[in-house]
Each structure stands twice: as structure tokens, then as C-alpha cells.
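Student: There's a structure below that I have some questions on.
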Amino acid sequence: MKHSFARPARFVLGGCWLLFATAVCGATRPSVLLIVSEDNGPELGCYGDPQARTPNLDRLAREGVRFDNAFVPYSICSPSRAAFLTGLYPHENGQIGLATHKFAMYRPDQPNVATYLKSAGYRTGLIGKLHVNPESAFPFDFRAIPDANFSRKTDIAEYAVAAARFFAQSEGQPF
């Protein structure tokens, strides 16, 4: 069976440019911050939860682009992340099982969000875990925690310090 990688790749690239075009006025390029959380429903203030106190996330949602509908084609994290990052179904990108069980994408050179953003002049960073193989397919300029592909670190302060370092290093350029 022959896989068509060009069409989904154009879809991802087009989506990135649409996001940029709708978020920008003038020549200034915006920074792109994708926040992906696991096991999280609408328990955020910006999604209407009256009990949630999430003022910083609420502000990001109000001033940026908030997604109200999302879809991933798999119920486990590695295939879902690979689909989200590549724009391809798991059976097309190859990440059909958990990365911890040695499943991996078919092509380590598969275009993805990180490679598209880098080619557009953005500095890229990964603050949490990737949990997709091969890790080298996602050439982030900055990795907060070197072993974060399979890490289960619970010290949130370590991630916060790393995120602050990434933002400081990115000053003056889009990320």
C-alpha cells in the first residue's frame, strides 16, 4: 500500500499558516504556544468551569487562539501525539502503539509541526514529554528535560524553570 505523505503535510503546513494569518495583524510574527495536557477535560476557567482558577491560561485563551473542538484518532498517547504533530493517522505515520513499547513512526524524516515551524524561522522547544519515536524526528531547538521522551517527572517546578529559560533565550525572536 502506497502512503501519500504530501497531502497531509500540506494540510499541517496550511493549518500552521492559517493559524498565523488569523492571529496576526501587521508584519510582526506571533509566537506559537501549543499546550497539550493529558487527562484534561474542560476543567479550566476559559472553558466555563466555575470552580477552576486558571487566570493565566484564561488570559492566553482570551488573547490567543483557543481550540474548542479537537480530535485525535487513537485513545492512547503516543499515536495521538504523533497524529497531532504530523497531521497523519497513526496507520500512515507508523506510531501505532506506545513509544515505551518500541513502536515508532515509519519515517524519521516525516515533516511535522516542529520541522515546519523551524523552516519558517521559529525557535522550537519542548517543555514536557514527547512520548513519540523516534525522538530524533522532532528536532526541537530546546528540550527542557533531556530524558523527557519517557520521563514521569513530577517536580513541576523543574519544568517551570526550564520554560522560563526557554522564553528568556527566545527573546526577540518568534517561538
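Student: Per residue, how big is the convex hull around the C-alpha atoms of segment 70-175? Give it to me in cubic angstrom, could you?
Tutor: Numbers: hull volume 11.2 nm³, N = 106.
It comes to 106 Å³ per residue, whole-number rounded.
Student: How big is the C-alpha Rg of segment 83-134 next to the rule-of-thumb value 2.2 N^0.38 Å, as a ratio? Walk me through the intermediate numbers first.
Tutor: Values: Rg = 11.5 Å, N = 52, 2.2 N^0.38 = 9.9 Å.
My calculation over the Cα atoms of segment 83-134 gives 1.16.
Student: Where does segment 32-120 land on Rg/Rh, using Cα atoms and the Kirkwood Rh? List each step's numbers first, then the result.
Tutor: Working: Rg = 15.5 Å, Rh = 14.9 Å.
When Rh is taken as the Kirkwood radius, the ratio is 1.04.
Student: While we're looking at this one, here's another question. Distance between the C-alpha centers of segment 123-147 and segment 26-51? Whole Å please.
Tutor: 20
Student: Pick out, in residue order, every one of the trypsin sites (Lys or Arg not before Pro) in segment 73-132 that is DSSP loop and has at most 11 other C-beta atoms within 10 Å; say none if there are none. Write out the running numbers ahead of the final one.
Tutor: On the way: sites: R81, K102, K118, R123, K129; in loops: K102, R123, K129.
Answer in residue order: K102.
Student: Here's another thing I want to ask about it. With a Förster radius of 35 Å, plug the Cβ-Cβ distance of R165 and Y89 into 1/(1 + (r/R0)^6) and report the FRET value to the nearest 0.05. Show your work: numbers first, answer last.
Tutor: Values: r = 35 Å, r/R0 = 1.01.
With a Förster radius of 35 Å, E is 0.50.
Student: List the extent of the Cα atoms of segment 65-112 along each of their three principal axes, largest first, rounded to whole Å.
Tutor: Result for segment 65-112: principal-axis Cα extents of 33, 22, 15 Å.
Student: Further question: Loop only by DSSP, 15 or fewer other Cβ within 10 Å of the Cβ. Give me the GluC sites (Glu not before Pro) in segment 31-95 that pass, ordered by residue number. Walk me through the numbers on the way to the answer.
Tutor: On the way: sites: E38, E43, E63, E92; in loops: E38, E43.
The qualifying sites are E38, E43.
Student: Which distance in nm do the two modelled labels at S119 and D58 give, with both placed 7 Å along the Cα-to-Cβ direction?
Tutor: Going by the 7 Å Cα→Cβ label model, 4.0 nm.
Student: Could you work out how much longer the chain between V36 and I156 gets when fully extended? Use 0.36 nm per residue separation minus the Cα distance between them, nm to one decimal.
Tutor: Details: separation 120, 0.36 × 120 = 43.20 nm, distance 1.51 nm.
Answer, rounded to one decimal: 41.7 nm.
The numbers here are math on the coordinates, done by the rules we state, and not lab data. Note that this is a predicted model, so its numbers are computed, not measured. Cβ atoms come from the backbone with ideal geometry, glycine included; neighbour counts cover every protein chain shown.
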